[in-house]
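A.B. asks: The structure that follows is given in the form of structure tokens.
The values are calculated or read from the model by the stated rules, or taken from the named source; none is laboratory data. All values derive from a computational prediction rather than experimental measurement. Ideal geometry is used to build each Cβ from the backbone, glycine not excepted, and the neighbour counts take in all protein chains shown.
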Amino acid sequence: MTVKFRVERDTLADAVTWVARALPNRPPVPVLAGLLIEADDNGTLHLSGFDYEVSAKVEVNAEVSDPGTALVSGRLLAEICRSLPGKPVDVVTDGTKVALTCGASRFTLLTMPVDEYPTLPAMPENTGMVAGDVLTEAVGQVTVAASRDETLPILTGVRLEIEGDTLTLMATDRYRLAMRTLTWRPSSPGASSIALVRARTLAEVAKALGSADEVSLALSTGGATELIGFTANGRRTTSLLVDGDYPKVRALFPESLLTHAVVETQSLIEAVRRVALVAERNTPVRLTFTDGLITLEAGQGEDAQASEAVESSLVGDELSIAFNPQYLLDGLGALSLPFTRLSFTQATKPAVITGQASADAEDDDDTYRYLIMPVRLAG
Amino acid sequence: MVGRATILHADLDAFYASVEQLLDPALRCRPIAVGGSADGGVVLAASYEAKAHGVRGGMSGWQAKRLCPTLRFVRGHFAEYQRLADGVMAVLHDVTPEVQRISIDEAFLDLSGSTHLFGEPRVIAALLRRRVREELGLPISVGIARTKHLAKIASQVAKPDGLVVVEPDEERRFLDPLPVSLVWGVGPVTEQRLADWGIRTIGDLARTPAPEVERLLGHAVGTRLNALARNDDPRRVVTPDRARSVSAQSAFGRRSPAPDLVREVLSHLADRVASRLRAKNRAGRTVTVTVRFSGMRSVTRSVTLSAPIATTLTLTELAEQLTWQALDGRDRADAEISLLAVSVSNLSHQHAVQLELPIPPEDPHRPGSTQGAARWALDRSVDAVCRRFGRRAVGYLPAAMPRTASVPDEFRELAEHEL
């Protein structure tokens, strides 16, 4: 049985590159290094990859002469597709080999046994739709705070909470906690569910599907396998959920914040970056809030030192507090508004970073909140 | 500074015994032994008067008594040793920050940066010896040379209560006639083996070609001893700021490892190590415990943490876990231990602690957790009180108030090592 189709080079390269990202670096079984190519007689090419945890599947248009299925090394196919000239690509299987021709280039790849390839998990039923750009922004805002320490898998995930038309995303690595709420279109108005998705997977999804107008989110929980699925633009991906009980992090946001300062976001980012140049690894920047001014300092003793002042307004008592500069920059960089509000209780308690539209706005924007733990100084 | 004699080795003379004679004037000018008794036990240290009769540390009590019938046995005053030795180290620090303490009562100093302030090394040494005598009442011997090894030999030759400076052009004349046993690492067995080949002096050893020494003693040892005999010793004085680890150890004869004993000793060692780390704003990620069994066999266990620690209580708990791991699988009733050592390595600067949100599982060993930060703050307060009112002003219970029933002072010996 031969398979034969022709497809545009760019179409194929995009699709293969995306699917190949889901392939495991060290496949637990050899066939999982493969990328499954299915050509159907409706002129559609289905490409899929799977590593038991994450699956990716994409549909593209092709001129299919002989429909059928083939499995080839995904890495190799991706590298070949990236380097092909901009001409139509012809693919023909011949026994245990696949011939790929593009202009004057010709490649022959070995096939892998299709019947040993596992079945991809079925896409759960659609739970709701979210705008692509909103999803991309929200995922970027929370994944900065997710832990990279694999010894505690729960904290490497992003917690999703669905309550009617409100979708909340949150992540923490113990040092900071990011929480974003957004409005979406649930498929049923009373939707209520929770899920824990690996931050890395979610970031990949946002990158691949975020350019779509709308992304469909599908959740199956309570069944034998707990899955989350995303679909947009002919691309779909599923992922197993991270196991375990997520800590109750909402309560970590302080109830009343007595002191707050408002500062122009970009000026503060630039000042922190400059001052942090002298901060060695793991050493903090110190921020002193007085009326009209934030003074930033880093470095101490016989080491290099830096200081800078930024204009700001202050409501409440003067305060001095120190942060890991990277954690501070992560939070400030995630804001989408031109002004930043920094709210405190005291120097050893967490501070809250939110955005606000103008310097003298009455309220901040509470759809995104970044909670950051300070650094306690020895002195 | 290869060309000048600027390495100083300072070594308190018969330290434990000298302290006892200082504390009790009735013991002065008399042969005394610290530890042991006429019926048995182990002598930890002997006064010069007792040494004159052949009494040595490590000897059994009855043997010492036979050698010196007028010998007086006294119990040790461990806390006083610590206090006075720390006082001596403080005096040494007054002439240079380049002080490497290698045990409770000896240290190396690099004087190359101090001569323009205080004068020639010989002048500095005289000043230090006078100050230690006047301020602490203790005799101290000092050797000065171009290398650490030679400085240490010089201080041994200077004993008791003397000063020997070996100028670079006098090195061979000084070293050649000395017995090989003064070379670092030559114990009785090696000494005998060398003697069998007619190598008795350091000069003999230096003149023997390296390959021949290696054949006699094995490659590693042979190369090292031959180099030392030729005064080829590139090691520098390493101060705790540059140190790669900080450690403390305690030897206590032969004891069965009862939980109380282990906790008390480790608590004390952890406190020494952790407070020295904090004094330098340092913390370490790797904790190592060495347990020596009575048969001289040692077992080492270590753990590497995700964040560096310098907290006394955390270090105590980790050291205790590691000690029980090391003891695990042994017949506890049978296994007697003779030494415990705690070391922290993988060091980094720690001027501050990144606090953590209270997210379970809470782990007090992580410095930023709620409990970890509380411990950190507590240690800082304890350090501040001790700086103002002295080391014994406040401390952790098992370390500060040892139950003498479980560890009599006379069984305790503390050696410190910072390298």
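A.B. asks: Report, by residue number, each residue of the range A:339-353 that is more than 14 Å from chain B (Cβ to nearest Cβ) and either surrounded by fewer than 22 Cβ atoms within 10 Å (Cβ to Cβ) or within 30 Å of residue B:381 (Cβ to Cβ) (or both).
C.D. replies: A:342, A:343 - these are the residues of the range A:339-353 that are more than 14 Å from chain B (Cβ to nearest Cβ) and either surrounded by fewer than 22 Cβ atoms within 10 Å (Cβ to Cβ) or within 30 Å of residue B:381 (Cβ to Cβ) (or both).
A.B. asks: Same structure again: Which numbered condition trips up residue A:145, out of (1) within 14 Å of another protein chain (Cβ to nearest Cβ); (2) assigned to a strand (DSSP E or B)?
C.D. replies: So residue A:145 meets the others, but not (2).
A.B. asks: Looking for whichever is outside any loop (DSSP other than H, G, I, E, B) and within 14 Å of chain B (Cβ to nearest Cβ) here; the options are A:328, A:332. Which one fits? Even if it seems obvious, please write down each step before you answer.
C.D. replies: Working: A:332 fails: within 14 Å of chain B (Cβ to nearest Cβ).
Sole residue among the options that is outside any loop (DSSP other than H, G, I, E, B) and within 14 Å of chain B (Cβ to nearest Cβ): A:328.
A.B. asks: Consider only pairs whose beta carbons are under 6 Å apart and that are at least six residues apart or on different chains; among these, list those whose first residue lies in the range A:354-379 and is within 14 Å of chain B (Cβ to nearest Cβ) and under 18 Å from residue A:255 (Cα atoms) and whose second residue is in a strand (DSSP E or B) and β-branched (Val, Ile, Thr).
C.D. replies: A:369/A:352; A:369/A:354; A:370/A:353; A:371/A:352; A:374/A:321
A.B. asks: Still on this structure, please answer the following. Go through A:280, A:214, A:255, A:297 for me and flag whichever is under 28 Å from the mean Cα position of the chain (by Cα) and acidic (Asp, Glu). Show your work before the answer.
C.D. replies: Numbers: A:280 fails: under 28 Å from the mean Cα position of the chain (by Cα); A:255 fails: under 28 Å from the mean Cα position of the chain (by Cα); A:297 fails: under 28 Å from the mean Cα position of the chain (by Cα).
Checking each option against the conditions leaves just A:214.
A.B. asks: I've got another one for you. So which of A:322, A:334, A:357 is surrounded by 21 or more Cβ atoms within 10 Å (Cβ to Cβ), modelled with pLDDT of 90 or more and closer than 24 Å to residue A:139 by Cβ?
C.D. replies: Working: A:322 fails: closer than 24 Å to residue A:139 by Cβ; A:357 fails: surrounded by 21 or more Cβ atoms within 10 Å (Cβ to Cβ).
Result: A:334 is the single residue among A:322, A:334, A:357 that is surrounded by 21 or more Cβ atoms within 10 Å (Cβ to Cβ), modelled with pLDDT of 90 or more and closer than 24 Å to residue A:139 by Cβ.
A.B. asks: Going by what's in this entry, would residue B:65 be described as farther than 28 Å from residue B:172 by Cα, among the basic types (Lys, Arg) and either out of contact with any Lys or Arg (no Cβ under 8 Å at 6 or more places or on another chain) or modelled with pLDDT under 95 (or both)? Give the derivation first.
C.D. replies: Values: farther than 28 Å from residue B:172 by Cα: yes; among the basic types (Lys, Arg): yes; either out of contact with any Lys or Arg (no Cβ under 8 Å at 6 or more places or on another chain) or modelled with pLDDT under 95 (or both): yes.
Yes.
A.B. asks: Inside the range A:148-178, can you point out the residues that are of a type outside the set (A, V, I, L, M), at the interface with another protein chain (Cβ under 10 Å from one of its Cβ atoms) and either under 24 Å from residue A:325 (Cβ atoms) or in a strand (DSSP E or B) (or both)?
C.D. replies: Keep residues of the range A:148-178 that are of a type outside the set (A, V, I, L, M), which gives A:148-151, A:153, A:156-157, A:159, A:161, A:163-166, A:168, A:172-176.
Now restrict to residues that are at the interface with another protein chain (Cβ under 10 Å from one of its Cβ atoms): A:149, A:151, A:172-176.
Within the range A:148-178, A:149, A:172, A:173, A:174, A:175, A:176 qualify.
A.B. asks: On to the next question. Keeping to the range B:268-301, report how many residues are among the β-branched types (Val, Ile, Thr) and within 23 Å of residue B:82 (Cβ to Cβ).
C.D. replies: Step one: filter the range B:268-301 for residues among the β-branched types (Val, Ile, Thr), giving B:273, B:286-291, B:299-300.
Still in the list and also within 23 Å of residue B:82 (Cβ to Cβ): B:273, B:287-291.
Within the range B:268-301, residues that are among the β-branched types (Val, Ile, Thr) and within 23 Å of residue B:82 (Cβ to Cβ) number 6.
A.B. asks: Scanning the range B:271-305 for residues that are surrounded by 16 or more Cβ atoms within 10 Å (Cβ to Cβ) and assigned to a helix (DSSP H, G or I), which turns out nearest to the other protein chains (Cβ to nearest Cβ)?
C.D. replies: Checking each candidate, the answer is B:278.
A.B. asks: How many of the residues in the range A:81-119 are in contact (Cβ under 8 Å) with a residue 12 or more places away in the chain, over 16 Å from residue A:38 (Cα atoms), among the charged types (D, E, K, R) and touching a strand residue (DSSP E or B) at 6+ places or on another chain (Cβ under 8 Å)?
C.D. replies: 1
A.B. asks: Now a separate question. Residue B:268 is checked against (1) surrounded by fewer than 16 Cβ atoms within 10 Å (Cβ to Cβ); (2) farther than 30 Å from residue B:7 by Cα and fails just one. What number does that condition carry?
C.D. replies: Looking at each condition in turn, residue B:268 falls short on (1).
A.B. asks: Now, a different point. When the range A:311-339 is examined, which residues are found to be within 25 Å of residue A:134 (Cα to Cα), out of contact with any Gly (no Cβ under 6 Å at 6 or more places or on another chain) and not small (Gly, Ala, Ser)?
C.D. replies: A:326, A:327, A:328, A:329, A:330, A:332, A:338, A:339
A.B. asks: I would also like to ask the following. Since residue A:207 meets every condition but one in (1) more than 20 Å from residue A:124 (Cα to Cα); (2) modelled with pLDDT of 90 or more; (3) more than 14 Å from every other protein chain (Cβ to nearest Cβ), which condition does it not meet?
C.D. replies: Looking at each condition in turn, residue A:207 falls short on (2).
A.B. asks: While we're looking at this one, here's another question. May I ask you to list pairs of residues, at least six apart or on different chains, whose Cβ atoms are under 7 Å apart, with the first in the range A:323-350 being touching a residue at least 24 places away in the same chain (Cβ under 8 Å) and more than 23 Å from residue A:255 (Cβ to Cβ) and the second being basic (Lys, Arg) and part of a helix (DSSP H, G or I)?
C.D. replies: Pairs found: A:329/A:273.
A.B. asks: Taking the options B:44, B:23, name whichever one is at pLDDT 90 or above and of a type outside the set (Asp, Glu).
C.D. replies: B:23
A.B. asks: Then there is this: Please verify whether residue A:106 is among the charged types (D, E, K, R), outside any helix (DSSP H, G or I) and within 14 Å of another protein chain (Cβ to nearest Cβ), treating the condition exactly as stated.
C.D. replies: no
A.B. asks: Step by step: first the residues of the range A:179-192, then only those that are touching a Gly at 6+ places or on another chain (Cβ under 9 Å) and part of a strand (DSSP E or B), then the one that is modelled with the lowest pLDDT. Which residue is that? Break it down into steps so the answer makes sense when it comes.
C.D. replies: The first filter runs over the range A:179-192 and keeps only residues touching a Gly at 6+ places or on another chain (Cβ under 9 Å), leaving A:184-192.
Going one step further and asking which of them are part of a strand (DSSP E or B), we end up with A:185-186, A:192.
Numbers: A:185: 95, A:186: 94, A:192: 89.
It comes out as A:192.
A.B. asks: Collect the residues in the range A:276-296 that are assigned to a strand (DSSP E or B), closer than 15 Å to residue A:329 by Cα and away from chain B (no Cβ under 13 Å), keeping them in residue-number order. Break it down stepwise before answering.
C.D. replies: Pass one, the range A:276-296, residues assigned to a strand (DSSP E or B): A:285-290, A:293-296.
If we keep only those that are closer than 15 Å to residue A:329 by Cα as well, we get A:285-287, A:296.
Once the filter is applied, which keeps residues that are assigned to a strand (DSSP E or B), closer than 15 Å to residue A:329 by Cα and away from chain B (no Cβ under 13 Å), the range A:276-296 yields A:287, A:296.
A.B. asks: Okay, moving on. Here is a check on your reading of the model: is residue B:365 modelled with pLDDT under 85, within 14 Å of chain A (Cβ to nearest Cβ) and buried (at least 16 other Cβ atoms within 10 Å of the Cβ)? Give the derivation first.
C.D. replies: Values: modelled with pLDDT under 85: no; within 14 Å of chain A (Cβ to nearest Cβ): yes; buried (at least 16 other Cβ atoms within 10 Å of the Cβ): yes.
Spelling it out, it is not the case that residue B:365 is modelled with pLDDT under 85, within 14 Å of chain A (Cβ to nearest Cβ) and buried (at least 16 other Cβ atoms within 10 Å of the Cβ).
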